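K.L.:
Here it is, the structure, as structure tokens.
The values are calculated or read from the model by the stated rules, or taken from the named source; none is laboratory data. Keep in mind that what you see is a predicted model, and the values were worked out from it rather than measured. When we count neighbours, we look across all protein chains shown, and the Cβ atoms used for this are built from the backbone with ideal geometry, even at glycine.
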Protein chains: 2
Amino acid sequence: MSSPDRFLNVGLLGCGTIGSGVYHLVKKNKKELERACGMPVGISRILVKDPDEPRPFPVDKKFLSTNSEEILSDEKIDVFIEVMGGIEPARTFCLKALKSGKHLITANKELLARHGQEIMEAAAENDSIVMFEASVGGGIPIICPLESSMGGDRIKKIMGIVNGTTNYVLSNMSSSGSDFHSALHEAQKLGYAEANPQADIEGSDAASKLAILCSVAFQVGMSGEQVYREGINFIRPADLANAAEMGYATKLLAIAERDGEEISARVHPTMIPLDHPLAAVSGNFNAIFVVGESVGELMFYGEGAGSLPTATAILGDVVKISRNIKDPSVFRRPYWSNPCRVKSVDELTTKFYMVLEVIDRPGVLAKIAKVFGENKVSLESVVQKGLGGEAEIVLITHEVVEKNFQAARSELLGLDVVKDIPSVIRVESTEAYEGQR
Amino acid sequence: MSSPDRFLNVGLLGCGTIGSGVYHLVKKNKKELERACGMPVGISRILVKDPDEPRPFPVDKKFLSTNSEEILSDEKIDVFIEVMGGIEPARTFCLKALKSGKHLITANKELLARHGQEIMEAAAENDSIVMFEASVGGGIPIICPLESSMGGDRIKKIMGIVNGTTNYVLSNMSSSGSDFHSALHEAQKLGYAEANPQADIEGSDAASKLAILCSVAFQVGMSGEQVYREGINFIRPADLANAAEMGYATKLLAIAERDGEEISARVHPTMIPLDHPLAAVSGNFNAIFVVGESVGELMFYGEGAGSLPTATAILGDVVKISRNIKDPSVFRRPYWSNPCRVKSVDELTTKFYMVLEVIDRPGVLAKIAKVFGENKVSLESVVQKGLGGEAEIVLITHEVVEKNFQAARSELLGLDVVKDIPSVIRVESTEAYEGQR
């Protein structure tokens, strides 16, 4: 162990759920942290909005301050940990810390997904280290494995369950048969969903995380806005039951693939075969499935949120910074300035699940099949269920080009025999990454 | 990116399945590797027993040599990659490389599980780095996450499926109902089991890997011989069917837990609930499930063997060494000299599954229950199945102390009503790590 000839002085920006968890663990795991870092670690100052706010873990008030100028200009601090969330004032504070030559650990996915390039450039210009393991997947180590363990491989595909709220809601709908709104309400009661769950439900939280994963995995600077997304609010319990009957679990997946010089990146509800490792990830757990050209399939699973899991990921970054404090260049990420060419969703190929409500009379299926055929959409399975004078057709397509499928969907809606198309969900097959090594 | 003002010169010791995979990837992923390392990487010399041996990937013969003295004393080499396997001459070569101040990457689990302390001490004395990500779990990043990402947490428990052969055999027996010997034979035909599968089947391969995981997770020097082990050769298809009926999958698990200053470490067939993430790990995949006091449950999943997955893990170590070549102290592991107190298996507590063949007459169950009660073994479930004049009792105990259970087992075998106890398998419950944070 390198001799503790110095001390790692940490400043905390924000002290809510995650920040007070970091404070708690730095005190509680003092010995472990000193051993892993090769030097003692202490939090000397904490920036807060309101010193009297209730916190999940008690914090000694003598460390708290509401004066950002004072904390950010404190010369004794080596590393700032930013756990405020949101774009401003987090962005301004982070840039200021980096420009003073401080190292930065941030859990702020929104900030990185929108201003990652600016942050990485400021770090490189000032020989500072930026670490962000906690920004994706809470306590799950994923940034470090992508950057260094897989550093000698070409990453082909990423599929992640990176939002605990939507995974909890879908798991609950699936196991209890309850509808979206009751499942969401229960998640809110249990603290798995926020009072305003828009960012989770609509997929923009997952899109930010996917942009960060893509930036690291594919060595580009991707923003969350470049990710195509659909939320889970339209999913019906009947769809989940149909999926289960056909051997699929339904998850909100964040999916990215490298295709030559281009990348596809999308967040949408997806059916995956029940024997896929992601299918068993339920409740508020997260998992990131990665396919490397040489390493094959890997999956990283764990608690994707929560005070102490996220705080543990932050401490892991403290360890890595302390171990590399003599050579900060190892943490430069010049690639964040690389342009990122993201494919249009129209060009993607995937399988689709579709439910059609039709009038139950002879020749209906033929009409529908004709529309699919004319649009180059071929079908893997079709089940017709009679409901008196009406019928429901549940089908899954083979791999098709998105724009062909959407053209067929519009034409189908125009047919006199089709009353409605209540559900369209993408289906992820496992064939895609077999035999590509 | 740090400017490539130098070149990383690699010497390969051994060039079989893994070694030729490393050679292949260093050539194929030249660009990725240079980017990740911040300098170009090249293999300059390769030590082999027989230059004409067939290899999975073609290797330019100009690099091959059978002269170990010459290669080991080559001053231009920065890093040796040892992929020979076995104890000698690998141990002598590794020590010699370290004593010349070279860095070492090894995939050799036997060597580390037996001589880890000697290797780590030689590295520390000579300011060399030792890396061994590929020694456990093939392509799965697990050593680095345990060492740095979880460096600020206290690791409580590890449960791993770390042997692909036994996992393939058990998965196959479970899905096809075939017996141990036919499943093993098929695994051999498909290349998932070696011609001499003793080390896999009897659990000593898994025990070596568990000793390495424990050393890193619990900061001690554990040897493979300190791990209690039972193999899978006694498992009957009927046991797997019973387990499935009761909601369990049967896996060869490597399990370690910290208990104050002591550690328990064991490898044995284990039933785990079907909804546990390890239950879905089938075929030749590996997975390591880790419970941290603060981070909670994590799981790392991937291909546990094979040329290119293992070679990818080795390249990840090359990346980490190149990034830290200026400060080798970050990779010292003084803890490998710490004594390791391993609990006797007699003191462990676990649940057990047991099958008793009994004579079917009144009062049998009462006699059996009396033996359990007198030995402080309480039962969670008992099912009696009549078979004409004989009957079979299938039971699962609550958590019991191993020595109490074994005492009951001996007494039961002495009862006149018990004809045989064909199966005893430990059952891992998920309750153990709930609410401990």
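K.L.:
Filter the range A:337-370 down to the residues that are at pLDDT 85 or above, closer than 22 Å to A:Arg426 by Cβ and out of contact with any Lys or Arg (no Cβ under 9 Å at 6 or more places or on another chain) and list them by number.
P.N.:
Listed by number, the residues that qualify are A:Thr349, A:Ile368, A:Ala369.
K.L.:
Check every one of the strands (runs of 3 or more DSSP E) wholly within the range A:337-437 and list those with 1 or more residues that are within 30 Å of A:Phe218 (Cα to Cα) and touching a residue at least 60 places away in the same chain (Cβ under 8 Å).
P.N.:
On the way: elements: A:349-359, A:379-387, A:390-397, A:418-427.
Strands (runs of 3 or more DSSP E) meeting the threshold: A:349-359, A:418-427.
K.L.:
Among the residues of the range A:255-278, is there at least one that is over 30 Å from B:Glu32 (Cα atoms) and at pLDDT 95 or above?
P.N.:
Within the range A:255-278, none of the residues are over 30 Å from B:Glu32 (Cα atoms) and at pLDDT 95 or above.
K.L.:
Please find, among A:Thr350, A:Thr397, the residue that is within 30 Å of A:Pro141 (Cβ to Cβ), outside the structural domain of A:Val83 (by TED's automatic domain parsing) and buried (at least 16 other Cβ atoms within 10 Å of the Cβ). Working first, answer last.
P.N.:
On the way: A:Thr397 fails: within 30 Å of A:Pro141 (Cβ to Cβ).
Of A:Thr350, A:Thr397, the one residue that is within 30 Å of A:Pro141 (Cβ to Cβ), outside the structural domain of A:Val83 (by TED's automatic domain parsing) and buried (at least 16 other Cβ atoms within 10 Å of the Cβ) is A:Thr350.
K.L.:
Here is a further query. Considering only residues that are charged (D, E, K, R) and modelled with pLDDT of 95 or more, which ones fall in the range B:294-306? Explain how you work it out, then say what you get.
P.N.:
Of all residues in the range B:294-306, those charged (D, E, K, R) come to B:297, B:303.
Hit for the range B:294-306 is B:Glu297, nothing else.
K.L.:
OK, next. Given the residues A:Pro273, A:Pro269, A:Pro277, which is the only one that is in contact (Cβ under 8 Å) with a residue 40 or more places away in the chain and more than 28 Å from A:Gly86 (Cα to Cα)? Working first, answer last.
P.N.:
Numbers: A:Pro269 fails: more than 28 Å from A:Gly86 (Cα to Cα); A:Pro277 fails: in contact (Cβ under 8 Å) with a residue 40 or more places away in the chain.
Going through A:Pro273, A:Pro269, A:Pro277 in turn, just one is in contact (Cβ under 8 Å) with a residue 40 or more places away in the chain and more than 28 Å from A:Gly86 (Cα to Cα): A:Pro273.
K.L.:
Any residue at all in the range B:35-43 that is out of contact with any Ser or Thr (no Cβ under 7 Å at 6 or more places or on another chain), part of a loop (DSSP other than H, G, I, E, B), in the same structural domain as B:Phe132 (by TED's automatic domain parsing) and not charged (D, E, K, R)?
P.N.:
Looking for residues that are out of contact with any Ser or Thr (no Cβ under 7 Å at 6 or more places or on another chain), part of a loop (DSSP other than H, G, I, E, B), in the same structural domain as B:Phe132 (by TED's automatic domain parsing) and not charged (D, E, K, R), one finds at least one in the range B:35-43, hence yes.
K.L.:
Go through A:Val10, A:Val22, A:Val79 for me and flag whichever is touching a residue at least 24 places away in the same chain (Cβ under 8 Å), within 22 Å of B:Gly292 (Cα to Cα) and either surrounded by 20 or more Cβ atoms within 10 Å (Cβ to Cβ) or within 14 Å of chain B (Cβ to nearest Cβ) (or both). Don't jump to the end; show me each part of the working.
P.N.:
Numbers: A:Val10 fails: within 22 Å of B:Gly292 (Cα to Cα); A:Val79 fails: within 22 Å of B:Gly292 (Cα to Cα).
Just a single option satisfies the conditions, and that option is A:Val22.
K.L.:
Failed condition for A:Ala244, given (1) outside any strand (DSSP E or B); (2) more than 10 Å from chain B (Cβ to nearest Cβ); (3) of a type outside the set (Asp, Glu); (4) under 17 Å from B:Gly292 (Cα atoms), with all others met?
P.N.:
Of the numbered conditions (1) outside any strand (DSSP E or B); (2) more than 10 Å from chain B (Cβ to nearest Cβ); (3) of a type outside the set (Asp, Glu); (4) under 17 Å from B:Gly292 (Cα atoms), the odd one out for A:Ala244 is (4).
K.L.:
Tell me yes or no: at least one residue of the range B:292-310 is over 29 Å from B:Tyr335 (Cα atoms) and either in contact with a Cys (Cβ under 6 Å, 6 or more places away or on another chain) or of a type in the set (S, T, N, Q) (or both).
P.N.:
Among the residues of the range B:292-310, at least one is over 29 Å from B:Tyr335 (Cα atoms) and either in contact with a Cys (Cβ under 6 Å, 6 or more places away or on another chain) or of a type in the set (S, T, N, Q) (or both), which makes the answer yes.
K.L.:
Does A:Pro334 count as touching a Gly at 6+ places or on another chain (Cβ under 6 Å) and within 14 Å of chain B (Cβ to nearest Cβ)? If you could, list the steps in order and put the result at the bottom.
P.N.:
Working: touching a Gly at 6+ places or on another chain (Cβ under 6 Å): no; within 14 Å of chain B (Cβ to nearest Cβ): yes.
When the stated conditions are applied, A:Pro334 does not pass them.
For every residue, the table says whether it meets (1) over 18 Å from A:Val358 (Cα atoms); (2) at pLDDT below 90.
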site	(1), (2)
A:Leu387	no, yes
A:His398	yes, no
A:Phe405	yes, no
A:Gly414	no, no
A:Val417	no, no
A:Pro422	no, yes
A:Val427	yes, yes
A:Arg437	yes, yes
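Results for (1) of a type in the set (A, V, I, L, M); (2) touching an Asp or Glu at 6+ places or on another chain (Cβ under 8 Å); (3) away from chain B (no Cβ under 12 Å), shown as yes or no for each residue.
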position: A:Asp259; (1), (2), (3): no, no, yes
position: A:Thr270; (1), (2), (3): no, yes, yes
position: A:Ala280; (1), (2), (3): yes, yes, no
position: A:Met299; (1), (2), (3): yes, no, no
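K.L.:
Filter the range A:25-56 for residues that are closer than 20 Å to A:Lys76 by Cα, without any contact (Cβ under 8 Å) to a residue 60 or more places away in the chain and either within 14 Å of another protein chain (Cβ to nearest Cβ) or surrounded by 18 or more Cβ atoms within 10 Å (Cβ to Cβ) (or both) and give the result.
P.N.:
Taking the range A:25-56 first, the residues closer than 20 Å to A:Lys76 by Cα are A:26-27, A:30, A:33-34, A:37-48.
Now drop any that are not without any contact (Cβ under 8 Å) to a residue 60 or more places away in the chain, which leaves A:27, A:30, A:34, A:40, A:42-48.
Selection gives A:Lys27, A:Lys30, A:Glu34, A:Pro40, A:Gly42, A:Ile43, A:Arg45, A:Ile46, A:Leu47, A:Val48.
K.L.:
Yes or no: the range A:322-330 includes at least one residue that is under 30 Å from B:Asp153 (Cα atoms), among the polar types (S, T, N, Q) and surrounded by fewer than 18 Cβ atoms within 10 Å (Cβ to Cβ).
P.N.:
yes
K.L.:
Let me ask you something else. Does A:Ala122 count as within 19 Å of A:Pro334 (Cβ to Cβ), within 14 Å of the chain's Cα centre (by Cα) and more than 14 Å from chain B (Cβ to nearest Cβ)?
P.N.:
No.
K.L.:
Scan the range A:127-169 residue by residue and report those that are of a type in the set (Asp, Glu) and within 7 Å of chain B (Cβ to nearest Cβ). It would help to see each step written out before you state the result.
P.N.:
At the first step, the residues of the range A:127-169 found to be of a type in the set (Asp, Glu) are A:127, A:133, A:147, A:153.
Within the range A:127-169, A:Glu133, A:Asp153 meet the criteria.
K.L.:
Yes or no: B:Ile87 in a loop (DSSP other than H, G, I, E, B) and either at pLDDT 95 or above or of a type in the set (S, T, N, Q) (or both)?
P.N.:
Values: in a loop (DSSP other than H, G, I, E, B): yes; either at pLDDT 95 or above or of a type in the set (S, T, N, Q) (or both): yes.
The answer is yes for B:Ile87.
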